[in-house]
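So the structure is just underneath, and the comments pick up after that.
Nothing in this text is a laboratory measurement; each read-out follows from the coordinates by a stated rule. Not measured: the values here are computed from a predicted model. Using ideal geometry, Cβ is built from the backbone for each residue, glycine included, and neighbour counts are taken over all protein chains shown.
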Amino acid sequence: MKIKSVKVPFGSIRVTHFEEKDQFSGRGEIRTVLQSTMRGSGGFWNFESYNPPLSRDNWANRDSVLERPDRLCHRSTYLEAPPEWLGEQFLLEAERLRETDERAYRHEYLGEAVGTSGNVFENLQERRITDEEIRSFDRIYMGVDWGFAPDPYAFIRLHYDAARETVYLLDELVAIRRTNTATAEELQRRGYTDGYILCDPAEPKSVADYRAIGLPAKPARKGAGSVDYGMKWLQGRTIVIDPARTPEAWREFSSYEFERDREGNFVSGYPDRDNHTIDAVRYALDRVIGSYRSNA
């Protein structure tokens, strides 16, 4: 807050560097500083450097995957540095950790947000999904979790490559307090009438609303053990997510963790929170997952 009153004797501030970005409490604090330093005409350079925290859900990790046309995100590790800068002992310690604790090595030396070992989905692949790839996809599935205020409505469009057991998340629509008519019209605007939209069956009226508007909506099937089986099925597949296309799905999947008890032990069962796009993915693949379950 003291930065808000910063004044320079002449000219203006053109370069701001936030060292150890993750030590700030959130994007709001950085915004407060920039609102004071980015004054006047001309260009500005704002640098934010940090070592990624362990948890994928840390605000700095989530913030850095958000794409902007005026932003460049650069990642580097000790492997790009000249060995003579680091010294023999540093390299020996890195190699020793790589051999004895590969997970810790990936976090401490490669800067990967490997999670707190409680991540439900260890099978995520974060990368860009190109338009050319999408044009080649021929197995399109769509799902809806209706939500209930303040929980959001969530729609997911995806492709499933059964041969490679890989799920590709292609598009999402996440909204709060929007009517069924509004979300249906948005899906129609995007042209998503090319396949069934499998929906949370807990709201048959909402499914009927979609059908009346002209969307090919159907209720997904629910039954004893269907949630657990569906989650385990997803855990056994590679899930490719492009944060630029499905930012909310990336946030939920990457930060979804098992809960712990007071002693720090993991609790069995899947948390029923912050999982709206996850549920939408389950509904979208309901018939695929069901076919595996019936053959199990």
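With both labels modelled 7 Å from their Cα along Cα-to-Cβ, the D194 to R287 distance reads 1.7 nm. DSSP finds beta bridges in the stretch 124-295, and of those with both partners inside it, around 55 percent are antiparallel. Put simply, when 35-45, 159-169, 136-146 are sorted by average Cβ atoms within 10 angstrom per residue, most first, you get 136-146, 159-169, 35-45.
May I ask for the net charge around E172, where only other residues with Cβ less than 12 Å from the Cβ of E172 are counted and Lys, Arg are +1 while Asp, Glu are -1?
Working: positive: R157, R190, R245, R251; negative: D145, D171, E186, D242, E248, E252.
The answer is -2.
Counting 0.36 nm for each residue step from R14 to E122 and taking away their Cα separation leaves a gain of 34.8 nm.
Each 5 Å bin from zero holds the following percent of Cα-Cα pairs in the stretch 124-295: 1, 8, 17, 22, 20, 16, 9, 3, 1, 1, 0.
Once the mean 1/r over all distinct Cα pairs of the stretch 147-213 is inverted, what Kirkwood radius in angstroms do you read off? 13.2 Å is the Kirkwood radius here. GNM on the chain, alpha-carbon springs under 10 angstrom: the most fluctuating residue among E80, E122, E20 is E80.
From the helices alone, meaning DSSP H stretches of at least four residues, give me the mean residue ellipticity at 222 nm for the chain, per-run term -39500 (n - 2.57), in deg cm²/dmol to the nearest 500. Using -39500 (n - 2.57) per qualifying helix, the result is -10000 deg cm²/dmol. Considering only alpha-carbon pairs that sit under 8 angstrom and 6 or more positions apart, the relative contact order computed for the chain is 19 percent. What the Kirkwood sum gives for the stretch 172-253 is a hydrodynamic radius of 14.6 Å, with every pair of different alpha carbons counted.
Taken along the Cα-to-beta-carbon direction at a fixed 7 Å, the label points for E84 and D274 span 4.7 nm.
Just checking the listed ones, R245, R27, R262: in the Gaussian network model of the chain with Cα springs under 10 Å, the one fluctuating most is R262. Between V240 and Q125, V167, Y168, L169, the built amide H atoms are under 5 Å apart, and every one of these is 5 or more places off in sequence or on another chain. Shown in residue order for the stretch 231-243 are the 3J(HN,Hα) couplings computed by the Karplus curve 6.51 cos²θ - 1.76 cosθ + 1.60 at θ = phi - 60°: 5, 5, 4, 5, 5, x, 10, 7, 10, 8, 10, 9, x Hz (x for Gly and Pro).
What number results when the radius of gyration of the stretch 1-66, computed over Cα atoms, is divided by 2.2 N^0.38 Å?
Details: Rg = 13.3 Å, N = 66, 2.2 N^0.38 = 10.8 Å.
Compactness ratio reported: 1.23.
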